Amino acid sequence: MFSAYRPILSVPKVWPFIIGGVLARVGGAMFGVAVIVMLSQRRGSYTLAGAVSAIGIIVLAVAGPFIGRLADKYGQRRAGLPFVLLSVGACLATVWLSASMAPMWMIFVAYGVSSITPELGPMSRARWVHILQDEPDRLHSALSFEQVMEELSFVLGPVLAVLLATTWFPEAGVLGAALIFGLGMLIFLLARTHEPPVTPHTHRPGGLAIAHPGILPIAVILVMSGIIFGANEVIAVAVAEEAGVPRMSSIILAAFALGSATSAIIFGTLRFRVSQTRRLLFAALGMFVLEAPALVVGTLWDLWGLTFVMLVAGAATAPMLITSMSLAQHLVPRPMLTEALAVAVTGILIGISMGAALGGVAVDHLGAHAAYAVPVGAGLLAVSLAVLRYRALSRAERAAVRT
């Protein structure tokens, strides 16, 4: 199985940007849970905690395509480095404001500014596309490897965030996330051997990546995927605290990410004869079907039963994300690659922010277990959207192949 990944890991001088990417992903995976734990402990409200988390993700979702477009035009290091420094500084300010019980509007602003930062995933995937542009099978393995790294970061990140926040002080998770993310991004951006070359302005296509056929439907479907992720984060914290074992939330979330990482490893070794549009439809159906048992398992079994359900449910997320990113990178000209991938990631981030907010409201008004109606409903909407836009996506995919 792992022989499929050996060729991409043996690419000369590829390890510096892989290591930087791993650190940045772990730090990034810590933020969502760290902010929720920090504010739920300091302020005693999941609605408030979910709202702050949602604001940060919305800002990141808006900033991502803009910074991605700058990276395509001016290079990843030149475009990304100033925003990384801004992000880390604002994150440290958020920690201080929370610890000093400053007014909530100040925390909203500081955490929002901290989210004006590059999205690592699109930039890293753009590097693999540049390295393996003429080797589609190896590129499929590389994109799957990227998803494995992201999912493993969500195994380690939430565990580390909750451990820091519950062992030391509520803000320790956010502080650790800022330092690890900042270090990883610096290593990644300074590893320039495989940074995609900048296309001269005279040769860049006009318009925005989101205007290309197929990109917007992919982003909208990924909004539903993001709602599943964001709601699961908030609900896992609430369910675990309701049961009196708050640290269990990190295990529940880690199980979800571990299931996705395992499926990503397997997915990267497979070769498909069906279209990517059809794979997207099957992945959406899998997300809905495998998430649905969470509505009942938590009320019938203990938290370990819910952990098992999340492990299985996570297996559907990697195929969805890998297929979405692969399809998106096929639908746009190469000089718009980072921007197009950032648009796709923006769909996920908007969904995560919506899921965090809706999940927090559902927990406060319906109860922890009943709040799983939010991610299950999002899964059903993802299937519906994939069905409704199936023909349009198929046409866009065929047109891109002909081009």
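The values are calculated or read from the model by the stated rules, or taken from the named source; none is laboratory data. Being a predicted model, the structure only gives us computed values, none of them experimental. Heads up, the Cβs are rebuilt from the backbone with ideal geometry, glycines too, and the neighbour counts pull from every protein chain shown.
Could you say whether any residue in segment 2-17 is touching a residue at least 60 places away in the same chain (Cβ under 8 Å), surrounded by 20 or more Cβ atoms within 10 Å (Cβ to Cβ) and within 22 Å of the chain's Cα centre (by Cα)? Yes: one or more hits.
Residue-by-condition table, conditions (1) among the acidic types (Asp, Glu); (2) surrounded by fewer than 22 Cβ atoms within 10 Å (Cβ to Cβ); (3) in contact (Cβ under 8 Å) with a residue 12 or more places away in the chain; (4) part of a helix (DSSP H, G or I):
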site: Asp72; (1), (2), (3), (4): yes, no, yes, yes
site: Pro82; (1), (2), (3), (4): no, yes, no, yes
site: Ala90; (1), (2), (3), (4): no, yes, yes, yes
site: Ser98; (1), (2), (3), (4): no, no, yes, yes
site: Met106; (1), (2), (3), (4): no, yes, no, yes
site: Val109; (1), (2), (3), (4): no, yes, no, yes
site: Gly112; (1), (2), (3), (4): no, yes, yes, yes
site: Pro118; (1), (2), (3), (4): no, no, yes, no
site: Ala126; (1), (2), (3), (4): no, no, yes, yes
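Candidates in segment 24-68 are the residues that are within 18 Å of Ile235 (Cβ to Cβ), touching a residue at least 24 places away in the same chain (Cβ under 8 Å) and not hydrophobic (A, V, I, L, M, F, W, C); of these, the one that is surrounded by the fewest Cβ atoms within 10 Å (Cβ to Cβ) is Ser45. Considering segment 72-106, and only residues there that are within 19 Å of the chain's Cα centre (by Cα) and of a type in the set (Gly, Ala, Ser), the residue that is modelled with the lowest pLDDT turns out to be Gly80. Figure legend. Inter-residue proximity from segment 166-187: first residues farther than 13 Å from Val84 by Cα, second residues surrounded by fewer than 17 Cβ atoms within 10 Å (Cβ to Cβ), beta-carbon distance below 7 Å, spacing 6+ or different chains. Indicated pairs: Thr166/Arg247; Glu171/Ala99.
Restricting the first member to segment 215-232 and to residues that are more than 16 Å from Ser326 (Cα to Cα) and in contact (Cβ under 8 Å) with a residue 24 or more places away in the chain, and the second to residues that are part of a helix (DSSP H, G or I) and among the aromatic types (Phe, Trp, Tyr), the beta-carbon pairs closer than 7 Å and six or more apart or on different chains are Asn232/Phe256. Which condition number in (1) over 15 Å from the mean Cα position of the chain (by Cα); (2) farther than 18 Å from Glu151 by Cα; (3) in a helix (DSSP H, G or I) is the one that Arg273 fails? Single failed check for Arg273: (3). Only one entry of Ile221, Ile235, Ile251 meets the criterion of being more than 30 Å from Met336 (Cα to Cα) and buried (at least 24 other Cβ atoms within 10 Å of the Cβ), and that entry is Ile235. Here the condition is being surrounded by fewer than 20 Cβ atoms within 10 Å (Cβ to Cβ), of a type outside the set (Val, Ile, Thr) and more than 17 Å from the chain's Cα centre (by Cα); of Ala371, Ala396, Ala386, Ala392, it holds for Ala392 alone. Is it fair to say Val109 is under 18 Å from Ala49 (Cβ atoms) and within 23 Å of the chain's Cα centre (by Cα)? Against the criterion (under 18 Å from Ala49 (Cβ atoms) and within 23 Å of the chain's Cα centre (by Cα)), Val109 qualifies.
Specify which of the listed residues (Val35, Val62, Val26) is assigned to a helix (DSSP H, G or I) and under 17 Å from Gly359 (Cβ atoms).
Details: Val62 fails: under 17 Å from Gly359 (Cβ atoms); Val26 fails: under 17 Å from Gly359 (Cβ atoms).
Exactly one residue qualifies, and that residue is Val35.
Number of residues in segment 285-302 that are at pLDDT 80 or above and surrounded by fewer than 21 Cβ atoms within 10 Å (Cβ to Cβ): the value is 8. Which of the residues belonging to segment 135-158 are closer than 15 Å to Gly121 by Cβ and of a type in the set (D, E, K, R)? Residues satisfying the conditions are Glu146, Glu150, Glu151. Restricting to segment 48-71, count the residues that are more than 18 Å from Gly173 (Cβ to Cβ), within 16 Å of the chain's Cα centre (by Cα) and among the aliphatic types (A, V, I, L, M). Number satisfying all stated conditions: 5. The residues of segment 308-325 that are crowded, with 21+ Cβ neighbours inside 10 Å and either closer than 18 Å to Ala240 by Cβ or among the hydroxyl-bearing types (Ser, Thr, Tyr) (or both), listed by number, are Val309, Met310, Ala313, Gly314, Thr317, Thr323, Ser324. Within segment 193-209, does at least one residue satisfy the condition of being at pLDDT below 80 and closer than 30 Å to Arg42 by Cα? Checked segment 193-209: no residue is at pLDDT below 80 and closer than 30 Å to Arg42 by Cα. Taking the listed residues Arg42, Arg78, Arg69, the one that is out of contact with any Ser or Thr (no Cβ under 9 Å at 6 or more places or on another chain) and basic (Lys, Arg) is Arg78, with no other qualifying. Scanning segment 20-50 for residues that are over 25 Å from Glu150 (Cβ atoms) and among the β-branched types (Val, Ile, Thr) turns up just one, Thr47.
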